[in-house]
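Following: one structure in structure tokens, then a few remarks.
The values are calculated or read from the model by the stated rules, or taken from the named source; none is laboratory data. Because the structure is predicted, anything quoted here is derived from the model rather than measured. We place every Cβ from the backbone using ideal geometry, glycine too, and count neighbours over all the protein chains shown.
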């Protein structure tokens with residue numbers, strides 16, 4: 001089943017490029033035609049590139065990777081934050097700080113500072129031991145850090161790949177990703193340079209509906225990759241089935257304490273003792289044998305650990 005349909009791309013305006021006077025000649029192979037002074041992007045190619053990018057993102061996340069969503073232009077801010085939060089991935093939708101990737105060690109210190117300020121109750125002047133002015137300064141610092149770093153507060157290392165809306169505007173992020181050999185997945189409008197992107201999706205990076213649709217597709221790929229990652233253990237255990245599970249159970253049994261061994265012996269000997277008493281007993285002494293059968297497991301279970 002296709003990740004996205006041609007109708008969805010058309011309805012979202014993914015096929016509209018920039019004016020013919022604003023274009024990058026390297027994008028010529030991704031363009032279908034020109035109409036009313038505007039380039040029309042070839043959506044047949046877009047569909048194939050979307051599938052390729054979708055598979056890459058899915059496999060990356062399935063193998064434990066993370067995707068950083070980047071889009072600071074107004075058309076992308078809301079969808080970037082919404083879709084990244086939906087799948088639990090970091091994002092940057094305000095301003096790209098130089099060194100967010102190449103100097104992540106310093107950025108992580110600012111994230112730690114932001115977490116420290118989160119513990120401060122800015123409304124409780126008496127308990128804080130600070131003046132109102134000092135609390136106001138700290139609140140402003142916290143608001144500034146939250147605005148720029150709030151989306152990456154849980155990011156502990158550089159991402160495995162980045163999703164970028166408008167590579168021209170986010171050229172700093174593209175440059176840093178290339179320096180660190182981080183794969184770039186991005187929308188390519190008619191004025192972009194395709195050489196900067198590893199997994200290209202020719203499309204409109206200015207229309208809100210287009211950006212929202214393509215960002216949602218990438219988020220869906222992340223979600224599917226997470227399902228594969230978390231479900232991988234269960235899927236791997238099914239074909240291994242009996243003998244590996246028995247081997248694992250045997251190893252765990254050897255490492256258990258004496259109390260667990262006694263409980264295991266009690267569970268295994270009780271049915272055998274009850275069956276033996278029932279076979280040896282006489283019909284006339286049914287009541288007596290039932291009493292013996294109740295006491296028999298207790299006698300045998302006390303001796304089971306000694307025999308081991």
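So residue 39 clears everything in (1) touching a helix residue (DSSP H, G or I) at 6+ places or on another chain (Cβ under 9 Å); (2) assigned to a helix (DSSP H, G or I); (3) over 26 Å from residue 221 (Cα atoms) except one condition, right? Which one?
So residue 39 meets the others, but not (2).
Going by the structure shown, is residue 173 surrounded by 22 or more Cβ atoms within 10 Å (Cβ to Cβ) and over 30 Å from residue 37 (Cβ atoms)?
Values: surrounded by 22 or more Cβ atoms within 10 Å (Cβ to Cβ): yes; over 30 Å from residue 37 (Cβ atoms): yes.
So residue 173 fits the description; yes.
For residue 87, state whether it is surrounded by 15 or more Cβ atoms within 10 Å (Cβ to Cβ), within 24 Å of the chain's Cα centre (by Cα), in contact (Cβ under 8 Å) with a residue 40 or more places away in the chain and not assigned by TED's automatic domain parsing to the domain that holds residue 186.
No.
Would you please list the contacts, defined by Cβ atoms under 7 Å and residues six or more apart or on different chains, that run from a residue in the stretch 205-218 that is touching a residue at least 40 places away in the same chain (Cβ under 8 Å) to a residue that is surrounded by fewer than 18 Cβ atoms within 10 Å (Cβ to Cβ) and assigned to a helix (DSSP H, G or I)?
213/8
Of these, 142, 54, which one is more than 26 Å from residue 14 (Cβ to Cβ) and part of a helix (DSSP H, G or I)? Give the steps one after another, and end with the answer.
On the way: 54 fails: more than 26 Å from residue 14 (Cβ to Cβ).
Every option except 142 fails the conditions.
Could you tell me whether residue 80 is assigned to a helix (DSSP H, G or I) and either assigned by TED's automatic domain parsing to the domain that holds residue 205 or farther than 30 Å from residue 230 by Cβ (or both)? Outline the logic, then answer.
On the way: assigned to a helix (DSSP H, G or I): yes; either assigned by TED's automatic domain parsing to the domain that holds residue 205 or farther than 30 Å from residue 230 by Cβ (or both): yes.
It is true that residue 80 is assigned to a helix (DSSP H, G or I) and either assigned by TED's automatic domain parsing to the domain that holds residue 205 or farther than 30 Å from residue 230 by Cβ (or both).
Could you pull out the residue among 99, 13 that is in contact with a helix residue (DSSP H, G or I) (Cβ under 8 Å, 6 or more places away or on another chain), assigned to a loop (DSSP other than H, G, I, E, B) and under 19 Å from residue 209 (Cα atoms)?
13
Tally time: how many residues in the stretch 57-69 are outside any helix (DSSP H, G or I) and within 22 Å of residue 9 (Cβ to Cβ)? Break it down into steps so the answer makes sense when it comes.
Here is the first cut: in the stretch 57-69, the residues outside any helix (DSSP H, G or I) are 63-69.
After this cut, where a residue has to be within 22 Å of residue 9 (Cβ to Cβ) as well, the list is 67, 69.
Counting residues in the stretch 57-69 that are outside any helix (DSSP H, G or I) and within 22 Å of residue 9 (Cβ to Cβ) gives 2.
Condition (residue is surrounded by 15 or more Cβ atoms within 10 Å (Cβ to Cβ), in the same structural domain as residue 217 (by TED's automatic domain parsing), closer than 25 Å to residue 216 by Cα and over 34 Å from the mean Cα position of the chain (by Cα)) applied to the stretch 22-30: is it met by at least one residue?
No, because not a single residue in the stretch 22-30 is surrounded by 15 or more Cβ atoms within 10 Å (Cβ to Cβ), in the same structural domain as residue 217 (by TED's automatic domain parsing), closer than 25 Å to residue 216 by Cα and over 34 Å from the mean Cα position of the chain (by Cα).
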